[in-house]
Amino acid sequence: MINDFQETLLLVDDNPTNLQVLYQTLEGRGYKLLLAKNGEDALNIVGKVHPALILLDIMMPGMDGYTVCQKIKSDLDSNDVAIIFLSALDDVKDKVKGFNLGAVDYIAKPFQSEEVIARVETHIKIRQLEKILEQKNKQLEEDNALILESMGEGLLGVNKQGIITFINSAGSKITGCLEDEIVGKNFHDLLMHTDKNGHRNPIEKDNIFNTLRDRMVRQSDNDIFWNKDGDFFPVEYTVTAIEGETDISSACVVFKNISERKKREKDLHQALKTVEQLQEKLQAENTYLKAESSYLQEEIRSEQNYGEIIGRSDALIKTMEEAEQVAVTDTTVLINGESGTGKESMARAIHQFSPRKDRPLIKVNCAAISESLVESELFGHVKGAFTSAINDRTGYFELADKGTIFLDEIG
């Protein structure tokens, strides 16, 4: 036995001897045994007790076993009762008739006790398993219903004809439709009939229609659904085909309203566009300021094109004009003047006017170089050229290559 519950068996036979043998065969095996000597008594007991299994004789006076079986199976309150026919009729037609009426098995008379016990135990186990399965299915349905109701996303089913077969509470809330207002309606005609511009949506482009056709899972966040009030809202949804025994039976649509997300995306896009416009404006202003600065610097240079030398006297202007003339040549220039009169500044001005202005101006304080080191300082030396030459040295003239060298305090 699968559990300790005592199942009830009803033994029906018009022959008292047969009833006694059946009773003795099944007694002590954990069953509650009830007896009936005709069809009428059997039906009365079934109406009151609802047995798990009936061992039913066919050939009885008055109401035969076939009629009893037919009445039991036609009653919704008792059609789950298992019936095993007992009969000396061993013709195939008789057996088929019994099975067609709803019997689960057939035991030929005279019967063997071992066969009766085995068949009864088998069908009791089957019945118990069916009850367990029924309970599990019921629990599963309740659990599934709880899950569907607790989902934050909408969930609806669509059959092969495009008709909505169910919708959960979240789906009803999102669409604004009660269950009885949406179930039985065509999905496309109710929720996706028109785009946001008022153009009719062709059903051939409907993701639900195409999933029902080719079984492919489809996702979208660029479509809209229409609600009960005739307003549309952006929606994200996934469509999955549900396979039947031989073909697609329906499709499941999981969806949610993404109006807030779309609004945030639009605001972000607008903010990025504004930032881009500000960057372009800033870049344009920077370009303008650079051009303006360059222009002003050029104006300053045109007005005071003497670098560090400031002045507008005729003598200074004449001197600077001469410096500009000589700067474009590679001629050696002698700059005379008392200390502090700006000889170095003049040298820098000449260098700045020259084609060599992008190369260095090398300044050499000749007064600080001892006579013995003049050659080494100006022209350089290699390691070991003299006692203190421990490394190679690059001379000032080489440093000033393609540039300008200013020999200060040469006198």
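The values are calculated or read from the model by the stated rules, or taken from the named source; none is laboratory data. Keep in mind that this is a model prediction, so the values were computed, not measured. No Cβ is skipped: glycine too gets one built from the backbone with ideal geometry, and neighbour counts run over all protein chains shown.
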query = Within the group 392, 401, which residue is acidic (Asp, Glu), out of contact with any Pro (no Cβ under 7 Å at 6 or more places or on another chain) and modelled with pLDDT under 85?
reply = 392
query = How many of the residues making up segment 377-411 are over 20 Å from residue 359 (Cβ atoms) and basic (Lys, Arg)?
reply = 2
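Given the criteria surrounded by fewer than 16 Cβ atoms within 10 Å (Cβ to Cβ), out of contact with any Pro (no Cβ under 7 Å at 6 or more places or on another chain) and in a helix (DSSP H, G or I), does residue 338 qualify? Talk me through it step by step, then tell me what you get.
Working: surrounded by fewer than 16 Cβ atoms within 10 Å (Cβ to Cβ): yes; out of contact with any Pro (no Cβ under 7 Å at 6 or more places or on another chain): yes; in a helix (DSSP H, G or I): no.
Here the answer is no, as residue 338 does not meet what is asked.
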Checklist (1) touching a Pro at 6+ places or on another chain (Cβ under 9 Å); (2) part of a helix (DSSP H, G or I) applied to residue 189, failing item = (1)
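Restricted to segment 291-310, and to residues that are farther than 19 Å from residue 351 by Cα and either among the acidic types (Asp, Glu) or in contact with a helix residue (DSSP H, G or I) (Cβ under 9 Å, 6 or more places away or on another chain) (or both), which residue is modelled with the highest pLDDT?
Narrowing segment 291-310 to residues farther than 19 Å from residue 351 by Cα: 291-296, 299.
When the remaining residues are screened for being either among the acidic types (Asp, Glu) or in contact with a helix residue (DSSP H, G or I) (Cβ under 9 Å, 6 or more places away or on another chain) (or both), the result is 292, 299.
On the way: 292: 72, 299: 59.
Checking each candidate, the answer is 292.
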query = Hey, among 357, 318, 363, which residue is assigned to a strand (DSSP E or B) and of a type outside the set (Val, Ile, Thr)?
reply = 363
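Among strands (runs of 3 or more DSSP E) lying entirely in segment 215-274, which contain 1 or more residues that are more than 18 Å from the chain's Cα centre (by Cα) and of a type in the set (Phe, Trp, Tyr)?
On the way: elements: 218-226, 232-243, 248-257.
Output list reads 218-226, 232-243.
When you look at residue 54, is it among the β-branched types (Val, Ile, Thr) and surrounded by 20 or more Cβ atoms within 10 Å (Cβ to Cβ), yes or no? Step through it out loud before you land on a result.
Working: among the β-branched types (Val, Ile, Thr): yes; surrounded by 20 or more Cβ atoms within 10 Å (Cβ to Cβ): yes.
It is true that residue 54 is among the β-branched types (Val, Ile, Thr) and surrounded by 20 or more Cβ atoms within 10 Å (Cβ to Cβ).
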request  = Among the residues of segment 252-274, count how many are free of Cβ contacts under 8 Å to residues at least 60 places away in the same chain and within 27 Å of residue 187 (Cβ to Cβ).
outcome  = 7
message = If I filter segment 366-383 for residues that are aromatic (Phe, Trp, Tyr) and touching a residue at least 24 places away in the same chain (Cβ under 8 Å), do I get at least one hit?
response = no
